[in-house]
1. Would it be correct to say that Leu122 is more than 16 Å from the ligand (Cβ to nearest atom), touching a residue at least 60 places away in the same chain (Cβ under 8 Å) and either more than 21 Å from Gly14 (Cβ to Cβ) or touching a helix residue (DSSP H, G or I) at 6+ places or on another chain (Cβ under 9 Å) (or both)?
2. Among the numbered conditions (1) assigned to a loop (DSSP other than H, G, I, E, B); (2) more than 16 Å from the ligand (Cβ to nearest atom); (3) among the acidic types (Asp, Glu), tell me where Glu41 comes up short.
3. Out of Ile153, Ile174, Ile166, I need the residue that is more than 16 Å from the ligand (Cβ to nearest atom) and within 19 Å of Ala217 (Cα to Cα). Which one?
4. Can you pull out the residues in region 12-51 that are touching a residue at least 60 places away in the same chain (Cβ under 8 Å), surrounded by fewer than 20 Cβ atoms within 10 Å (Cβ to Cβ) and more than 20 Å from Asp309 (Cβ to Cβ)?
5. Kindly provide the set of residues from region 206-261 that are more than 18 Å from Ala294 (Cα to Cα) and charged (D, E, K, R), ordered by number.
6. Considering only residues of region 134-162 that are part of a strand (DSSP E or B) and touching a residue at least 60 places away in the same chain (Cβ under 8 Å), which is farthest from Arg196 (Cα to Cα)?
7. Those residues that are acidic (Asp, Glu) and in a strand (DSSP E or B), I need them from region 163-199; list them, please.
Amino acid sequence: MSRRLRFIDSHTGGEPTRVLLDGIARPRGAIADWHRALLAEHGALLAATVNEPRGSDILVGAVYWPPTDAASAGDVLFFNNVGALGMCGHGTIGLVASLAHLGLMAPGAHTLHTPVGAVRALLRDDGEVVIDNVPAYRHRQGVALDVAGHGRIMGDVAWGGNWFYIAEYEHGSIELANREPLTELCWAIRAELRARGITGRDGAEIDHIELASARDATPGNDSRNFVLCPGKAYDRSPCGTGTSARLACLAADGALAPGQAWRQQGITGSVFEGRYAAGGGDADGVAWIRPQIAGRAQVTALGELIVDDAELGVSRWG
Ligand code: PYC
């Protein structure tokens, strides 16, 4: 027995997204719980769609289910080479470009539902996609880490749809040629966070590490980043959720005004334009913002994956 899943691939500023268009039944219950259900029931199948030999460590997957009511553009769950993602900014831009390519989405504003909240996506006539992401906030400021071989690193813990530790990088330069030492540093930071029990809200693991430097951005951009994702692949785009978390920190520091543009460059040189709308405070006194991320994606492939059931006994998560 084999399964067939239609897919469409795209890349957003160099970071790939594979959208699965069918072959996986919509889970029941509240969308916030869908990841658990989906990974338990179809984890091996999802892993087989993004990991080798059909994909690679850098591929982000998205299961898309069409809308069930007129107010929605559908439901989406993002995942990568090692498991679930909360939201995914580059992936949402890729999803919108993919649906437009298939004639399933017209220019205009659309609401997509994810396990961590609703996201509004505006598809412009020229193909640009502007996302109003889930609320973002800084959880902890100035967390000092002594990272073996690297000395003291200072950073903030922030939520932008995933959990991030964000540090201003002063020990070297953020450029593609340094991707290996940058990866090792981020991996060591993540291990130190784990070892010290430093988490996001409610004990959530901080599984994305972001290094930032204004000095290394090319002219016209505000900052350049290097983002290491949970499966140890680095984001080729400037990372939509990472940029959202960064905007929350800038807002908390009073370093960026509501509506002011922030041009975030990623390690490969691609750029997202971010801005935010002032948010509010929640019942726990956490001040949040509403981040907006603009970017473009290109469709790269359309096809059908074939997965033999016999392969599903083999775990392909990281
Ligand atoms: O763009 O939010 C993003 C993202 C998360 C992981 C990879 N890309």
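1. Details: more than 16 Å from the ligand (Cβ to nearest atom): yes; touching a residue at least 60 places away in the same chain (Cβ under 8 Å): no; either more than 21 Å from Gly14 (Cβ to Cβ) or touching a helix residue (DSSP H, G or I) at 6+ places or on another chain (Cβ under 9 Å) (or both): yes.
So Leu122 fails the test.
2. Unmet condition: (1).
3. On the way: Ile153 fails: within 19 Å of Ala217 (Cα to Cα); Ile166 fails: more than 16 Å from the ligand (Cβ to nearest atom).
Testing whether each residue is more than 16 Å from the ligand (Cβ to nearest atom) and within 19 Å of Ala217 (Cα to Cα) leaves just Ile174.
4. Selection gives Gly14, Ile31, Ala32, Asp33.
5. Answer for region 206-261, where residues must be more than 18 Å from Ala294 (Cα to Cα) and charged (D, E, K, R): Asp207, Glu210, Arg215, Asp216, Lys232, Asp253.
6. If we filter region 134-162 for residues that are part of a strand (DSSP E or B), which is where we start, we get 136-147, 151-159.
Filter again for touching a residue at least 60 places away in the same chain (Cβ under 8 Å), leaving 136-139, 141, 156, 158-159.
Values: Ala136: 24, Tyr137: 22, Arg138: 19, His139: 16, Gln141: 16, Asp156: 15, Ala158: 17, Trp159: 19 Å.
That would be Ala136.
7. Within region 163-199, the first condition is being acidic (Asp, Glu), and the residues that meet it are 168, 170, 175, 180, 184, 192.
Glu168, the sole residue that qualifies.
Yes/no matrix, rows are residues, columns are (1) assigned to a loop (DSSP other than H, G, I, E, B); (2) touching a Pro at 6+ places or on another chain (Cβ under 7 Å); (3) of a type in the set (Ser, Thr, Tyr):
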position: Thr17; (1), (2), (3): no, no, yes
position: Gly61; (1), (2), (3): no, no, no
position: His90; (1), (2), (3): no, no, no
position: Gly103; (1), (2), (3): yes, no, no
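Bear in mind these aren't lab numbers, they're just calculated from the coordinates by the rules spelled out. Fair warning: this is a prediction, and the values are worked out from it, not measured in the lab. Don't worry about glycine lacking a Cβ; one is built from the backbone with ideal geometry, like all the others, and counts go over all protein chains shown.
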